[in-house]
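Novice: Structure below; questions to follow.
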Amino acid sequence: MNLTNNFIIAMPGLADPLFEKSVSYICQHNEQGAMGLTINHPTNIPFSELLSQLGIHLADESLASLPVYLGGPVETGHGFILHSNDSDSWKQTMRINDEISLSSSRDILIAIANGEGPSNFLITLGYAGWSGGQIEREMEENSWLNVQAEKDIIFNTPYEKRWETAALSLGVDIHLISGDIGHA
């Protein structure tokens, strides 16, 4: 099972505060492990403050209060930009599929700040990482549901509704699920 371009949705019983009620978008998954970004846990850092810390001028003030998300507990000092594939001109970009790419370079932040970036984007600090076989074990332990990712959930659904909406895309009301594993 390859989870690239899937959401993993935290089960209601997942008590880890970093992943409680989280939706993570899996950017890459192979036998060595998985890398993803949690897309529904905003930090208290607005986009304008992040840019200020990086010495980047914000020309498009309409973006000042955009949230910066905690992408995961790994490398929280490093930024990642999940974005639509409007252009392939950004440095350090990994194309995930025909619609979505992941970038981690300063040039895309400058373009966004100037109103010249991709039409859809989500900025995170840090990422979530799993070693080989770890995410599969966690799914067997009933920690996660998975479903094919939807671009609209990432970029257009309010962050506080992404957990429920991602589960609904699987046909599941997440509030009606038990986190317990049944055994016969």
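Novice: Using Kirkwood radius over Cα pairs in Å as the read-out, say which of (i) 16.9; (ii) 20.8; (iii) 16.3 was calculated from these coordinates.
Specialist: Matching the structure shown: (i).
Novice: Hey, what number do you get for the chain at 222 nm if only DSSP H runs of n ≥ 4 count, each worth -39500 (n - 2.57), divided across all residues, to the nearest 500? Write down the numbers at each step before the final one.
Specialist: Working: 5 runs with 36 residues, N = 184.
Rounded to the nearest 500, the figure is -5000 deg cm²/dmol.
Novice: Among residues other than T38 whose Cβ falls under 11 Å from its Cβ, what is the net charge (Lys/Arg +1, Asp/Glu -1)? Present the calculation step by step, with values, prior to reporting the outcome.
Specialist: Working: positive: K21, R162; negative: E20.
Computed value for this residue: +1.
Novice: In addition: Where does each of 16-22, 55-61 land if you order them by average Cβ count within 10 Å, highest first? Write down the numbers at each step before the final one.
Specialist: Values: 16-22: 15.3, 55-61: 12.1.
Averaged packing, sorted descending, gives the order 16-22, 55-61.
Novice: Next question. Grab the beta carbon distance between N97 and E61, set R0 = 30 Å, and tell me the FRET efficiency rounded to 0.05. Please report the intermediate quantities before stating the final value.
Specialist: Numbers: r = 32 Å, r/R0 = 1.07.
According to the calculation, E is roughly 0.40.
Novice: Once both labels are modelled 7 Å past Cα along the beta-carbon direction, what's the Q32-N2 spacing in nm?
Specialist: A separation of 1.5 nm, rounded to one decimal place.
Novice: Quick one: grab the alpha carbon gyration tensor of the stretch 1-83, order the square roots of its eigenvalues as a ≥ b ≥ c, and give me rounded if a/c is under 1.5, else prolate or oblate depending on whether a/b is larger than b/c.
Specialist: Since a/c reaches 1.5 and a/b is larger than b/c, the shape of the stretch 1-83 is classed as prolate.
Novice: Turning to a different aspect of this structure: How high is the FRET efficiency from L168 to S84, r the C-beta distance, R0 22 Å, rounded to 0.05?
Specialist: Details: r = 23 Å, r/R0 = 1.02.
Computed FRET efficiency for L168 and S84: 0.45.
Novice: Shape of the stretch 60-169 from its Cα gyration tensor (a ≥ b ≥ c, root eigenvalues): rounded if a/c is under 1.5, otherwise prolate when a/b > b/c, or oblate? Show your work: numbers first, answer last.
Specialist: Numbers: a/c = 1.84, a/b = 1.55, b/c = 1.19.
Prolate, because a/c is 1.5 or more and a/b exceeds b/c.
Every read-out reported here was derived from the displayed coordinates using simple, explicitly stated rules and does not represent laboratory data. Treat the numbers as computed from the prediction; the structure is a model and nothing was measured. Every residue, glycine as well, gets a Cβ built from its backbone with ideal geometry; the counts of neighbours run over all protein chains shown.
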